[in-house]
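The values are calculated or read from the model by the stated rules, or taken from the named source; none is laboratory data. Everything numeric here is computed off the predicted structure, so don't read it as measured data. Cβ placement follows ideal geometry from the backbone for every residue including glycine, while neighbour counts extend to all protein chains displayed. SASA here: full protein model, heavy atoms, side chains in, ligands and nucleic acids out. Shrake-Rupley method; radii C 1.70, N 1.55, O 1.52, S 1.80 Å.
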Amino acid sequence: RAKIQGRNTYCIFEEGMDAAVRKRRVLEADLSAAIEEEQFVLYLQPRLDLHSSGITGYEALIRWNHPKKGIIEPADFIPVAEQSARIVAIGEWVLKRACQMAVEQLGAARISVNVSPLQFRDRGFLDSVRTALEESGLKAARLEIEITENVLIEDDERALEILKALKKLGVGISLDDFGTGYSSLSYLSRFPFDSIKIDRSFVHSVSGSENVLAIVETIVRLGRALGMRIVAEGVETPEQLVLLQAEGCDEIQGYLVGRPQPLGSHATMLPDQVVEALLADPVRDRDP
Ligand code: C2E
Ligand code: MG
Ligand code: MG
Ligand code: MG
């Protein structure tokens, strides 16, 4: 191989592979310590209810506070944790911590927790939800589980069983990143979602593209017809808020309202531009 590709190509390729594999091994080893030493932190991002104009819930987003590397984002370790099945232990910690935070610090607000496909299908998943609720004393109705379409791809029956059991517990279920996976409309009629989260890739271009606006409009109508709440994620500008409100979204989440932050660092009042946007009348603005 070395001779065919040339000596340099071969060396660079081989070294690159080694580095990637080594980095991954180090990360994996560090992850097991991270679980034991509880190096994880939950940041919270507010969800704004467009009907009441109030913060009625928060999404819990994990960060890894690495002793040497500092804060590591979920994109950089969740996939590794998922492949080594460590995600199950991490996910259990997230559930416990999120429920505890909600009871101790969040008043009546709801808490949303992301659950990965492997954790969702793990035998102990339902028990870990029950335990988290029992130990914290959180009312089930204040907890929401966010799953993505990937969870539903294989073995529909089992996924449906788990979702029904969650419902029976009284826990809310949300379909995250809607429109980005192998979306099938039939999921929506078969599975008992309480809310759908429109992926931020749609939200991002909602004010610049008639086509995207048409898609958002359709998702809202569809969700409505099925009795689901519509949440838009990744809202960054007042224009997006005004449009999404006019389209009939129930809730928004995004940097415009607030970035994910550790508990206790959240502003107590809505940013001025959010208040202004909430008061804007899109019909009047469009048709002077
Ligand atoms: P997600 O559940 O779709 O979470 C939304 C992501 O969008 C978060 O990234 C959030 O910080 C980011 N975001 C929020 N508002 C805005 C905005 O206005 N603009 C932009 N550009 N981004 C925004 P984050 O915190 O890096 O999390 C990434 C993903 O990692 C999450 O996507 C979720 O799938 C996963 N994740 C996070 N926490 C957990 C966890 O505890 N367990 C599991 N299994 N997955 C998690
Ligand atoms: Mg989410
Ligand atoms: Mg999402
Ligand atoms: Mg995501």
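Relative to 2.2 N^0.38 Å, what does the C-alpha radius of gyration of the range 24-70 come to as a ratio? Two decimals please. Provide the component values of the computation, followed by the final result.
Working: Rg = 15.9 Å, N = 47, 2.2 N^0.38 = 9.5 Å.
After normalising by residue count via 2.2 N^0.38 Å, the value is 1.67.
Would you mind checking Lys96/Lys168; Lys23/Lys197; Lys96/Lys164 for any pair whose Cα atoms are more than 28 angstrom apart? Mind dumping the intermediate values first?
On the way: Lys96/Lys168 19 Å; Lys23/Lys197 34 Å; Lys96/Lys164 21 Å.
Pairs exceeding the cut-off: Lys23/Lys197.
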Burial-style ranking of 229-236, 209-216, average other-beta-carbon count within 10 Å with highest first, yields 229-236, 209-216
Contact order relative to length for the chain, counting C-alpha pairs under 8 Å separated by 6 or more residues, stands in percent at 16 percent
With bins 5 Å wide starting at 0, give me the P(r) of the range 228-268 over every alpha carbon pair, in whole percents.
6, 23, 28, 19, 14, 8, 2
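Within 10 Å, count the other beta carbons around each residue, average over each peptide in 153-161, 44-52, and list them highest first. Write down the numbers at each step before the final one.
Values: 153-161: 12.6, 44-52: 19.1.
Descending mean neighbour count gives 44-52, 153-161.
If each DSSP helix of 4+ residues adds -39,500 (n - 2.57) and the sum is divided by the residues in the chain, what number results at 222 nm, nearest 500 deg cm²/dmol?
Details: 14 runs with 144 residues, N = 288.
Theoretical 222 nm ellipticity from helices: -15000 deg cm²/dmol.
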At 0.692 mPa s and 37 °C, Stokes diffusion of the range 33-155 via Kirkwood alpha-carbon radius, µm² per second
216 µm²/s
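Note down the relative contact order for the range 33-104 as a percent, whole number, built from C-alpha pairs under 8 angstrom at least six residues apart. Numbers along the way, then the final one.
Values: 71 pairs, mean separation 17.8, N = 72.
Relative CO of the range 33-104 lands at 25 percent.
With a 1.4 Å probe and all protein chains left in place, how much of the accessible area of the chain comes from carbon and sulfur atoms, in whole percent?
On the way: 7830 of 15380 Å².
The nonpolar share, carbon plus sulfur, comes to 51 percent.
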Calculate how steeply helix 125-136 sits against the longest principal axis of the alpha-carbon atoms of the chain, using the helix alpha-carbon long axis, and give the answer as 0 to 90 degrees to the nearest 10.
60 degrees
Measure nothing fancy, just the Cα-based angle from helix 87-105's long axis to the longest principal axis of the chain, in degrees from 0 to 90, nearest 10.
40 degrees
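Could you tell me which of rounded, prolate or oblate describes the chain, using a ≥ b ≥ c as the square roots of the eigenvalues of the alpha-carbon gyration tensor, with rounded for a/c under 1.5 and, failing that, prolate when a/b is larger than b/c and oblate otherwise? Please report the intermediate quantities before stating the final value.
Values: a/c = 1.61, a/b = 1.34, b/c = 1.20.
Prolate, since a/c reaches 1.5 and a/b exceeds b/c.
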Mind ranking 130-137, 253-260 by how tightly packed they are, going by the mean number of other C-beta atoms within 10 angstrom, highest first?
253-260, 130-137
How much of the DSSP bridge set in the chain is antiparallel, in percent, rounded to the nearest 5?
45 percent
